[in-house]
Amino acid sequence: MTGFPQLDAFRGGPGLVRLVGHRGARGVMPENTMEGFAFTLLAGVSLLEFDVVLTRDGVPVVTHNHHLDGAATRDAAGNWLMGQGPRVAELTLNELHGYDVGGVDVRSSYGRQFCDQVLLDGVRVPCLGDLLDLGHDPRFADLHFLLELKSDPALRDDARAREAFVAAIVAKVRDRGMAGRTILHSFDWHLLDVCRRAAPEMPTSCLSQMPETVDALCAGGLSGFVSQDCSLPRMVADAGGQLWCPNVEDVTPELVAEARRLDLIVLAWTVNETGDIDRMIEAGVDGIVTDYPGRAQHRLRLRGARW
Ligand code: MG
């Protein structure tokens, strides 16, 4: 019993490895789209990871970068933007909805990684509220949200703006009645401190990637958590997180065991290759965050495991 009922949906166990759809199912469906989220849920994967930023008019929307990615965005005439697109924070929701995010340009280096993704027309960046409302669909009663807050580097020192960003997201989650099914997730561990104050009813999830995470913690004043003998799970526990989400390359069975002793849930990302899926299962993680939920389902089924 943790006091956070939403954690149970993410906790693995013997013969149970949780699957989390990364940006929906980025390997096969346009990322961070309602179409991709619906596909993932209908495929029997009820945990969704996605990214949230604010528009100029303060609407929380689901998209990965602060700038629209030109390799995954077309203008009203259907042309790829190419390169870096406009900043979401400088667009109103109405302006943002003038762009189509239903696929990738397979000529780009980004698009070449996802050339099996379907190409759809007329797909809009979702509002966070619309995604949360899927939780009210009786077909998706098990749906839980791993909501990544993308902190804006331009506002790193603006405490008021950071609090307003968190407040807008928390208000939306509460308004849609999904606080009990949401985990707040970020690479920015300082922002997660803001989350814990603003929303004590929602657990927090610390993303990490070595060595960038320790560098960022030192630069941001959390260096007290960082020392030669201080492991990432210990840092997450000391920082107040309930989940540790390491890059797949940083996961070892020893670190997973330590995280368990600290009562942390471990979700590895982004676990796409079959060898990595197998390695994460053997390391004992609670769950894997993947662009290819179907591929992961097959690996688990072959081992007699559920998700
Ligand atoms: Mg993310």
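Would you confirm whether any residue within segment 206-215 is in a helix (DSSP H, G or I), at pLDDT below 95, surrounded by fewer than 19 Cβ atoms within 10 Å (Cβ to Cβ) and within 16 Å of the ligand (Cβ to nearest atom)? Can you show your working first?
Taking segment 206-215 first, the residues in a helix (DSSP H, G or I) are 212-215.
Filter again for at pLDDT below 95, leaving 212-215.
If we keep only those that are surrounded by fewer than 19 Cβ atoms within 10 Å (Cβ to Cβ) as well, we get 212, 215.
From the residues that got through so far, the ones that are within 16 Å of the ligand (Cβ to nearest atom) too are 212.
Yes, some residue in segment 206-215 is in a helix (DSSP H, G or I), at pLDDT below 95, surrounded by fewer than 19 Cβ atoms within 10 Å (Cβ to Cβ) and within 16 Å of the ligand (Cβ to nearest atom).
Show the residue pairs that are 6+ apart or on different chains and have beta-carbon atoms under 8 Å apart, the first residue being within segment 213-237 and more than 21 Å from V251 (Cβ to Cβ), the second being at pLDDT below 70 and not in a helix (DSSP H, G or I).
Listed pairs, sorted by first residue: C218/V226.
Would you call G224 in a helix (DSSP H, G or I), more than 16 Å from the ligand (Cβ to nearest atom) and modelled with pLDDT of 95 or more?
On the way: in a helix (DSSP H, G or I): yes; more than 16 Å from the ligand (Cβ to nearest atom): yes; modelled with pLDDT of 95 or more: no.
Spelling it out, it is not the case that G224 is in a helix (DSSP H, G or I), more than 16 Å from the ligand (Cβ to nearest atom) and modelled with pLDDT of 95 or more.
Do you know which residues across segment 174-198 are more than 16 Å from the ligand (Cβ to nearest atom) and farther than 13 Å from G240 by Cα? Even if it seems obvious, please write down each step before you answer.
Step one: list which residues in segment 174-198 are more than 16 Å from the ligand (Cβ to nearest atom), which gives 174-181, 190, 193-194, 196-198.
Listed by number, the residues that qualify are R174, D175, R176, G177, M178, A179, G180, R181, A198.
Need at least 2 residues that are within 16 Å of the ligand (Cβ to nearest atom) and surrounded by 16 or more Cβ atoms within 10 Å (Cβ to Cβ) per element, so show me which strands (runs of 3 or more DSSP E) inside segment 1-90 make the cut, counting only ones lying wholly within it. Outline the logic, then answer.
Numbers: elements: 18-22, 47-54, 60-62, 67-69, 84-87.
In segment 1-90, 18-22, 47-54, 60-62, 67-69 are the strands (runs of 3 or more DSSP E) which contain 2 or more residues that are within 16 Å of the ligand (Cβ to nearest atom) and surrounded by 16 or more Cβ atoms within 10 Å (Cβ to Cβ).
Restricting the search to segment 64-97, which residues are under 20 Å from K150 (Cα atoms) and of a type in the set (S, T, N, Q)?
Scanning segment 64-97 gives N65, T73, Q84, T92.
State all residues of segment 282-296 that are among the β-branched types (V, I, T) and in a strand (DSSP E or B); if no residue qualifies, say none. Steps first, answer last, please.
Within segment 282-296, the first condition is being among the β-branched types (V, I, T), and the residues that meet it are 285, 288-290.
Listed by number, the residues that qualify are I288, V289, T290.
Quick check on my filter: what residues within segment 127-158 are closer than 18 Å to L42 by Cα and within 16 Å of the ligand (Cβ to nearest atom)? Break it down into steps so the answer makes sense when it comes.
From segment 127-158, those closer than 18 Å to L42 by Cα are 130-146; that's our starting set.
Matches in segment 127-158: L131, H144, F145, L146.
Could you please give the count of residues in segment 240-271 that are crowded, with 24+ Cβ neighbours inside 10 Å, among the β-branched types (V, I, T) and closer than 21 Å to L184 by Cβ?
Count: 2.
The values are calculated or read from the model by the stated rules, or taken from the named source; none is laboratory data. The structure displayed is predicted, hence computed values, not measured ones. For neighbour counting, all protein chains shown are included, and Cβ atoms are generated from backbone atoms with ideal geometry for every residue, glycine included.
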